[in-house]
Amino acid sequence: MTDCIVVLNCGSSSIKFALFDAAQLPLPRTPVWSGKVEGIGTAHPTATEAGAPAQAVELDTAQPYHAALLHIRQRVEHMLGNRRLVAVAHRVVHGGAKYFAPVRVDAEVLADLRSYIPLAPLHQPFALEAIEALLSELPEVPQVACFDTAFHHTLPQVEMMLPLPYAAWERGLRRYGFHGLSYEYMSIVLPERHGDIARGRTIVAHLGSGASLCAMRGLESVATTMGFSALDGLMMGTRCGALDPGAVLYLMETEHLSPAQVGHVLYHESGLLGVSGVSSDPRDLLAQEADNPRVQAALALYVRRIVREIGALVAVLGGLDLLVFTAGIGEHNAVLRERIVRALGYLGADLNDAANQAHAAILSSSASRIRVAVEPTNEEWVAAQHGARCVRGRG
């Protein structure tokens, strides 16, 4: 009987899932089967499997998230056939200052992870809801939490500390960093593709609806743009990124906003959506850019913030050998990649336009002093690997 591991990546309105053959380590990087349920909590939720067209799915409107999990569980049980499910690995955004490695979840761990919900309100509660449901419904199957913060535990203290009273550091207020499963995958795949260049001064740009940069040296994180929360750093789809805290105080004082209300503004009404007033998706914005000044401003600010933060990380690294784009926007948006790389010409970056349009693995021209590349991320495989090692007592 073949062993299998399911990976769940839970967001507020969507759940991605993948089934991996776990007969041996390392696991195959391509899942046996995968899919997603989107639009959870909306009037028209859909389910997609293995790249097929999305299909409408009926979910209990009283408990739509639980219903989506039940739908996925039923589909997983169907796809397993005579294979055995040995673990469910969950992408959990925040492990706090306590969890530096994947862990099998029990009641005590679950309680700890709930305490980090305020640090990642868009993701943490939904991953924990899935874990709690499966602990109850499948008590014999290990539930393994894999943390997006874990990869950044190599950050030096000077990168972790916040310039607050020292008592805050002693209480665990620090810069954690996120998108760690994606960056961990990059630390594995980049030397396979680029050799020793990847072990030098590398910056990975994880650009999706959430976005961050990670500076790596020796394939380890030495600096990153997200900090204490997933609000920090780059401008994102609906999140503001780095912001003068005085602006937050001003909003609270002049608009009489509660902490919950200002949190909603910063997480859900800012970024590309907030500035453009149109959409959080760059594809929509690029289609309207020519005729809409607010869209023009939003895209210009988005690129500027990325270029500015790359410059800061280059300073930390003392130069740059390899720049890698990944995640949805990074992998597929040639226009924004071109604008970013063009602004990095002072570093000697030069783009091969045809390669960029084709989303080739290497985008830089032969004249470029740094290598510019695209690498699809594979967070689900990293989580599956951790899940397999955890249940086998090897991690």
Only residues that are farther than 19 Å from Leu27 by Cβ, touching a residue at least 60 places away in the same chain (Cβ under 8 Å) and either more than 22 Å from the chain's Cα centre (by Cα) or open to solvent by 30 Å² or more (accessible area, probe 1.4 Å) (or both): list them for the stretch 83-102, please. Ala97
Which of the residues belonging to the stretch 335-373 are touching a residue at least 40 places away in the same chain (Cβ under 8 Å) and either open to solvent by less than 20 Å² (accessible area, probe 1.4 Å) or in contact with a Gly (Cβ under 8 Å, 6 or more places away or on another chain) (or both)? Leu336, Ile340, Ile370, Val372, Ala373
Filtering helices (runs of 4 or more DSSP H) wholly in the stretch 231-325 for at least 1 residues that are small (Gly, Ala, Ser), in the same structural domain as Ala360 (by the TED database) and within 24 Å of the chain's Cα centre (by Cα) gives 259-268, 271-276, 293-317
If you go through the stretch 277-296 one residue at a time, do you hit one that is in contact with a Phe, Trp or Tyr (Cβ under 9 Å, 6 or more places away or on another chain) and either at pLDDT 95 or above or not hydroxyl-bearing (Ser, Thr, Tyr) (or both)? yes
Kindly evaluate Ser209 against the criterion of being open to solvent by 30 Å² or more (accessible area, probe 1.4 Å) and within 26 Å of Ser279 (Cα to Cα). yes
Considering only residues of the stretch 29-79 that are under 14 Å from Val6 (Cβ atoms) and among the β-branched types (Val, Ile, Thr), which is most open to solvent (accessible area, probe 1.4 Å)? Val32
Among strands (runs of 3 or more DSSP E) completely within the stretch 31-138, the ones holding 3 or more residues that are more than 28 Å from Ala230 (Cβ to Cβ) are 84-92
Would you pick out the residues in the stretch 9-24 that are open to solvent by 40 Å² or more (accessible area, probe 1.4 Å) and either in contact with a helix residue (DSSP H, G or I) (Cβ under 7 Å, 6 or more places away or on another chain) or modelled with pLDDT of 90 or more (or both)? Ser12, Lys16, Asp21
Inter-residue pairs, beta-carbon under 6 Å, first polar (S, T, N, Q) and in the stretch 1-21, second part of a loop (DSSP other than H, G, I, E, B), 6+ apart: Thr2/Ala23; Thr2/Arg83; Ser12/Leu122; Ser13/Ile40; Ser13/Gly41
Restricting to the stretch 168-184, and then to whatever is open to solvent by 20 Å² or more (accessible area, probe 1.4 Å) and assigned to a helix (DSSP H, G or I), can you tell me which residue is nearest to Ile203 (Cα to Cα)? Glu184
Quick one: count up the residues across the stretch 221-230 that are in contact with a strand residue (DSSP E or B) (Cβ under 9 Å, 6 or more places away or on another chain), part of a loop (DSSP other than H, G, I, E, B) and among the hydrophobic types (A, V, I, L, M, F, W, C). 2
Qualifying positions in the stretch 311-350 - among the aliphatic types (A, V, I, L, M) and closer than 13 Å to Ile370 by Cα: Val314, Leu320, Leu322, Leu323, Val324, Val341, Leu344, Leu347, Ala349
Can you tell me which residues in the stretch 236-257 are open to solvent by less than 10 Å² (accessible area, probe 1.4 Å) and either of a type in the set (D, E, K, R) or at negative phi (or both)? Met236, Gly237
Could you check, for the stretch 313-330, whether at least one of its residues is open to solvent by 40 Å² or more (accessible area, probe 1.4 Å) and under 16 Å from Thr225 (Cα atoms)? yes
Go through the stretch 2-19 and give me each residue that's of a type outside the set (A, V, I, L, M), in a strand (DSSP E or B) and within 20 Å of the chain's Cα centre (by Cα). Asn9, Cys10, Ser14, Lys16, Phe17
Per the filter on the stretch 374-395, residues under 23 Å from His194 (Cα atoms) and either over 16 Å from the mean Cα position of the chain (by Cα) or open to solvent by less than 60 Å² (accessible area, probe 1.4 Å) (or both) are Val374, Glu375, Thr377, Asn378, Glu379, Glu380, Trp381, Val382, Gln385
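The values are calculated or read from the model by the stated rules, or taken from the named source; none is laboratory data. Predicted model, so just to flag it, every value in this text is computed and none were measured. Quick reminder, even Gly has a Cβ in these numbers, built from the backbone with ideal geometry, and neighbours come from all protein chains shown. Side chains included, ligands, DNA and RNA excluded: accessible areas come from the protein's heavy atoms. Shrake-Rupley method; radii C 1.70, N 1.55, O 1.52, S 1.80 Å.
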